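The values are calculated or read from the model by the stated rules, or taken from the named source; none is laboratory data. These numbers come from a predicted model, not from an experiment. Note that we place each Cβ from the backbone using ideal geometry, even for glycine, and neighbour counts take in every protein chain shown. These accessible areas exclude ligands, DNA and RNA; they are computed on the full protein's heavy atoms, side chains included. Shrake-Rupley method; radii C 1.70, N 1.55, O 1.52, S 1.80 Å.
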Amino acid sequence: MESTRVDRWLWAVRLTKTRPDAAAACRGGHVRVNGKPAKPATTVVAGDEVRARVHDTTRILEVTRVIQKRVGAADAATCFIDRTPAPPPESAVPVARRERGAGRPTKRERRVLDRFRSGES
């Protein structure tokens with residue numbers, strides 16, 4: 001097995017839940033192979049770079065092994081090298097948040113929020 005379809009490979013290495021999802025991602029322009037937009041039937045071989053946007057995250061993968069059948073998660077992890085950069089760290093500045101469904105803030109809570117937003121302690 002030297003090459004396979006990109007939609008089949010994405011499904012086999014468990015990047016998408018179903019093969020139709022992988023094909024839809026390709027048709028939607030969310031998959032690139034070696035920098036070029038990929039159709040579902042685009043072939044991938046070992047050494048190719050696959051960029052796939054999955055769940056609002058762009059994953060950058062290098063194909064190390066081509067498989068056509070869906071395998072276990074441990075086996076699937078050996079089929080690619082993940083070159084996705086680490087996400088940026090969360091901001092150090094705390095953000096004032098209220099519990100969902102807590103209703104309007106009381107007068108006291110509003111004063112605390114106003115002090116917090118203006119920079120006072």
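Annotations for the structure displayed:
- Scanning segment 59-77 for residues that are part of a strand (DSSP E or B) and either within 18 Å of Glu2 (Cα to Cα) or open to solvent by 50 Å² or more (accessible area, probe 1.4 Å) (or both) gives Arg59, Leu61, Glu62, Val63.
- Glu109 being surrounded by fewer than 10 Cβ atoms within 10 Å (Cβ to Cβ) and among the acidic types (Asp, Glu): no
- Residue pairs meeting the criteria (Cβ under 8 Å; at least 6 apart or on separate chains; first modelled with pLDDT of 85 or more, in segment 86-106; second open to solvent by 80 Å² or more (accessible area, probe 1.4 Å)): Pro105/Arg98
- Inspection of segment 81-89 finds a residue satisfying the criterion of being under 30 Å from Arg115 (Cα atoms) and in a loop (DSSP other than H, G, I, E, B).
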